[in-house]
Every structure is written in structure tokens, then in C-alpha cells.
Amino acid sequence: MSNNNIPTIKLLINGEFIESKTDQWRDVINPATQEVLARVPFATPDEINAAVANAKEAFKTWRKTPIGARARIFLKYQQLIRENMKELAAILTAEQGKTLADAEGDVFRGLEVVEHASAVGNLQLGELANNVAGGVDTYTLLQPLGVCAGITPFNFPAMIPLWMFPMAIATGNTFVLKPSEQDPMVTMRLVELALEAGIPPGVLNVIHGGVDAVNAICDHPDIKAVSFVGSTHVGTHVYNRASQAGKRVQCMMGAKNHAIVMPDANKEQTLNNLVGAAFGAAGQRCMALPVVILVGESRNWLPELARKAQTLKVSAGTEPGTDVGPVISTAALERINGLIQKGIDEGAELVLDGRNPEVPGYADGNFVGPTILAGVKPGMSVYDTEIFGPVLCVMEADSLDEAIDIINANPNGNGTAIFTRSGGIARRFQEDIDVGQVGINVPIPVPVPLFSFSGSRGSKLGDLGPYGKQVILFYTQTKTVTARWFDDDEQAAAVNTTITL
Ligand code: NAD
């Protein structure tokens, strides 16, 4: 059972925060200090079934709740998130490690989806064609599916849960969320605020756990749709297993995003953007830029890139001026340091070594400083693996076409960026690059919720992305009605005629 001095994370079932009866617990650890912040339960099968059963029961009434009533909850919710922004960011930084400014960004990007959910009346409109035949109209209803579930990763513990349950619930579904077991605390605070905003009992439920909880979600016959964000390995498993069980599934997965730097780019802006996108959040963003391809003369910018990277401050996310916080766990630290060594062993040139940095006051933290490997080639482990740490792989190309070919040959398709002053070059890149999210002088082109997140190829399974227009279709079933109504008098006349004949 749980140690008395350390708070336990609760399950949320039918509007009640309850203590799990499990005997399997895991520590939630501050990655800058190794302090144990809380203990998270691995929910029992009975608890998981209870969460789904309550969500199924709540769906009966929630699906018929008027649009305005649903929308007003999210209007209130966005206000509560704003009012509690500092507290949310502080919880997030303590358990995840990113800087307080980054943590506020994490919450804010989720808040934008909540704002979008509050406009659900405009988003969930059907279509109508009048007089498709004599006296016949055809129209569509976008109806909710039932119980939907979400499985989220550690790296955006505020934004990614908020990609999922607000849109699912706003469109009339009920929801079971399984947050990352590595940093569930900020997610739970957001869930508390969602209840305070008026989400009724059973409409939003939370279970915790790892492999078994995820498999139970994939298999449960009463769950109709699953949204997953996380690694490619796990996402592929979730996609196959949940699809096999007849569910609608969307999986946003791992990445290896490349930036192309053309020699005509604005040098200062480009290098600053690269440093931020490669090393910010300790490289633990699915839209980070861990590979840069320097085209032509821009290869001479490497020393300056390294100088800028070297000036970044590595420390706890709570320390003023920190640029690079710790990575999530000691296991992640070991993996990243191991990959750097493998890169050197496989022939890459270590231009900047961030391993084992001195971080005053945080000797036990999981720190890796900005690291740059040059001369990287496909086939090297540092290129073929998603490192998910503050490690930038530098490649070279003689032309835009050669750089585009490198990117298109990589199996991932989450994001990419080009830096150039030429509209013609930018347009050719936009046309020919086979990646779902493209930045033009924008290093991390995550679309705002008016659009949808649109990673592609190896970074995504399923047709429809999270949030925005696409997720309305993901969380609803289109029902098409073809209706013929008779005017009562005309109908009576028609009956009379028949009798006379
Ligand atoms: P992860 O795949 O390890 O974990 C994601 C979820 O799956 C967690 O809730 C975890 O409990 C569960 N899980 C872990 N191992 C499992 C297993 N063997 N079987 C079943 N479930 C399992 O991912 P992570 O390390 O938390 O997050 C980082 C990864 O997420 C990176 O690959 C990153 O690129 C990716 N990511 C992608 C996007 C995107 O939008 N494409 C966004 C954020 C993160």
C-alpha cells in the first residue's frame, strides 16, 4: 500500500476522486532533484471497468445535452485554466522538468483547444440539401460515438490531455483518460478544474497505469474510439490492437524532424530558431528539430551554431534563466548519453558535448546539455533513432533537391522547416516535401486549433488528426437522413384519389 507521507494520485470515477485499491504503485519523481512528489496507482481491472461503465451510463444523458449547455462548460473551463495558470505551470515543471515559461506554453496550447471546444455549436453542424427528389430533403447529423478514451505521453502532460477530452466531450461523448504514469499531477489538476467548470459525473473519468491499462482500453467492448499520443512502437501496438477490437483509432507517434537551412536565410534568426527548436524543452518535443541539413555555404555556420548552443543555461526548470531543463528520468538520461556515444563510435563528429554537465545545486538531476554531432548520415543510430533529448544531428547537402530527398527518405513525417528568403524555394519545398506539418521560417509549425495536428507517414496511424476540424469527424458518426414529408391535406387528397380509383 501507499506510504503515508507521500500524496497518492487518485482515480476519477463517476465524478469522485477515489483511492485505488491496487497493490501496484509507481513514484512520480522530480527529474531535477529525484524528490518523490507522489505515488501513482496502476488501476485494477475492476476499477478500469467501473470507469468505462460509468462513462457508458453518463453517455445516455450527455449525448442529448443541448449544444449551449456543453459549450458554456468549456467557456467556464478556459477561464479557470487562465486563473490557475501559474499553479498549473509550477506542478508541471516539478514533475516534468521543463522551464516554467515552457510549462505555461504547454498549458496555453491546451487552453487554445478548450477555447475551440467552447465554439462547438459552429463546429458540429451537419449539411442539408433541399429537394433532392420531389418533396425530399437529405441532411446529415454528426452524432457522438459513445465512450472514447485517451492515452497520453509524458512530454506535454497539459496540452495533450487537453487535445483530447475537451473536444470529445464537447461533441457529446463521454471519456476515459489514461495519463502518462511519469507525470500525471498537472493532468489531474486540469481534470479537477474541468469538474469545477461543470462537467457532470461520469462524463470524464481517469484511470492510471501502464501496459495493462492501455491494453484494457484497446480491448474493452464499450469503448468506441481511442486517441493515442506517444512513441511509434507503442502507438503501432495500440492502433493494431484497438482496431482489431473494432474501434476507431488515431495514433500520433514518434518523429525525426529535419530543418533545411538555405544559404540565403537570415543567419541570425535562423541560428536562434534552430537552437531553440533543437534544445528547448531538452529536445523532448515531438515537433523539436533534432536534425538540420545545411545546404551549400550555410555549412560554414556550424561553429556559430555551436557557440550559441553552448551559451544555453542548463538547470532546473524553476531556476531563473534556465534554457534546458532535465530529461524526464534516469533511464532517459542513460539512453541519451548512450546514443551520443554510439554516434561518436559510428563516425559522427562531436562538435559540442553536453554529457554530464555541472549543474550547481542539482547534482542528482537528469541533465544533458546541448550536444551537436556533425557528419551524421542515415544508417547511424543517432539518425535512425528518435533520441528525444537535447542532441542536434547536423547533415550537409549541396542543393535543395538533395536535402528534400534526404527528408522524404526518412520514414517519419511529423514536422519539418525550411529557412530561406526565397519565396520560390519555400514554395518548391512546400510542394515537394512529404511531411505533414511544414514550417517556412517557422521552426516548430504546430497548427493552432482552427486547423488540426497533421503529422504523416511513420509519425501517424489513422486518417484524422487531433483537435480542430478533423477531430470533430473523428469523435462523431455521420448519420445521413433522407426525409419525405407530406402536407396533411395533400396526403388526404392522395388517399381519396386512390379510393375513388
Ligand atoms: P510512450 O509511448 O512510452 O508512452 C505513451 C503512453 O503509452 C503512456 O501513457 C504509457 O503509459 C503508455 N505505454 C508505454 N509503454 C507501453 C507499452 N509497452 N504498452 C502499452 N502502453 C504503453 O511515449 P512517451 O515516452 O511518454 O512520450 C514520448 C513519445 O511520444 C515520443 O516518441 C514523441 O515523439 C511522442 N509524441 C508524439 C506526439 C505527436 O503528436 N506525434 C506528441 C507528443 C509526443
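The values are calculated or read from the model by the stated rules, or taken from the named source; none is laboratory data. Not measured: the values here are computed from a predicted model. Cβ atoms come from the backbone with ideal geometry, glycine included; neighbour counts cover every protein chain shown. The area values use the complete protein model at the heavy-atom level, side chains included, leaving out ligands, DNA and RNA. Shrake-Rupley method; radii C 1.70, N 1.55, O 1.52, S 1.80 Å.
Before moving on, here are some points about what is shown:
- Flag if residue 199 is crowded, with 24+ Cβ neighbours inside 10 Å and assigned to a loop (DSSP other than H, G, I, E, B): yes
- Residue, nearest to residue 388 (Cα to Cα), within the stretch 235-252, restricted to residues that are of a type in the set (S, T, N, Q) and assigned to a helix (DSSP H, G or I): 236
- Total residues in the stretch 349-376, condition within 20 Å of residue 280 (Cβ to Cβ) and out of contact with any Cys (no Cβ under 9 Å at 6 or more places or on another chain): 15
- Strands (runs of 3 or more DSSP E) fully within the stretch 109-185 counting 1 or more residues that are modelled with pLDDT of 95 or more and within 13 Å of the ligand (Cβ to nearest atom): 147-151, 174-178
- Any chance residue 413 is open to solvent by less than 40 Å² (accessible area, probe 1.4 Å), touching a Phe, Trp or Tyr at 6+ places or on another chain (Cβ under 8 Å) and within 16 Å of the ligand (Cβ to nearest atom): no
- Total residues in the stretch 303-342, condition away from the ligand (no atom under 16 Å from the Cβ), acidic (Asp, Glu) and closer than 25 Å to residue 28 by Cβ: 2
- Counted residues, the stretch 28-52 - those being within 25 Å of residue 212 (Cα to Cα) and open to solvent by 60 Å² or more (accessible area, probe 1.4 Å): 4
- Matching entry among 255, 265, 213 (being of a type in the set (A, V, I, L, M), within 12 Å of the ligand (Cβ to nearest atom) and assigned to a loop (DSSP other than H, G, I, E, B)): 255
- Hey, residue 356 within 16 Å of the ligand (Cβ to nearest atom) and either open to solvent by less than 40 Å² (accessible area, probe 1.4 Å) or part of a loop (DSSP other than H, G, I, E, B) (or both) or not: no
- Considering the stretch 306-319, and only residues there that are under 27 Å from the mean Cα position of the chain (by Cα) and either farther than 20 Å from residue 359 by Cβ or not acidic (Asp, Glu) (or both), the residue that is surrounded by the most Cβ atoms within 10 Å (Cβ to Cβ) turns out to be 317.
- Filtered by the rule that a residue be of a type in the set (S, T, N, Q), closer than 23 Å to residue 147 by Cα and touching a residue at least 60 places away in the same chain (Cβ under 8 Å), the stretch 221-271 gives 227, 236, 250.
- Some residue of the stretch 98-115 being β-branched (Val, Ile, Thr), touching a Leu at 6+ places or on another chain (Cβ under 9 Å) and under 28 Å from residue 36 (Cβ atoms): yes
- Some residue of the stretch 53-62 being in contact with a Phe, Trp or Tyr (Cβ under 8 Å, 6 or more places away or on another chain) and surrounded by fewer than 23 Cβ atoms within 10 Å (Cβ to Cβ): no
- The stretch 228-252, subset over 11 Å from residue 460 (Cβ atoms) and touching a Lys or Arg at 6+ places or on another chain (Cβ under 8 Å), residue nearest to the ligand (Cβ to nearest atom): 247
- Residue that is closer than 30 Å to residue 399 by Cα, open to solvent by less than 40 Å² (accessible area, probe 1.4 Å), not assigned by the TED database to the domain that holds residue 100 and not aromatic (Phe, Trp, Tyr), where the choices are 303, 326, 290: 290
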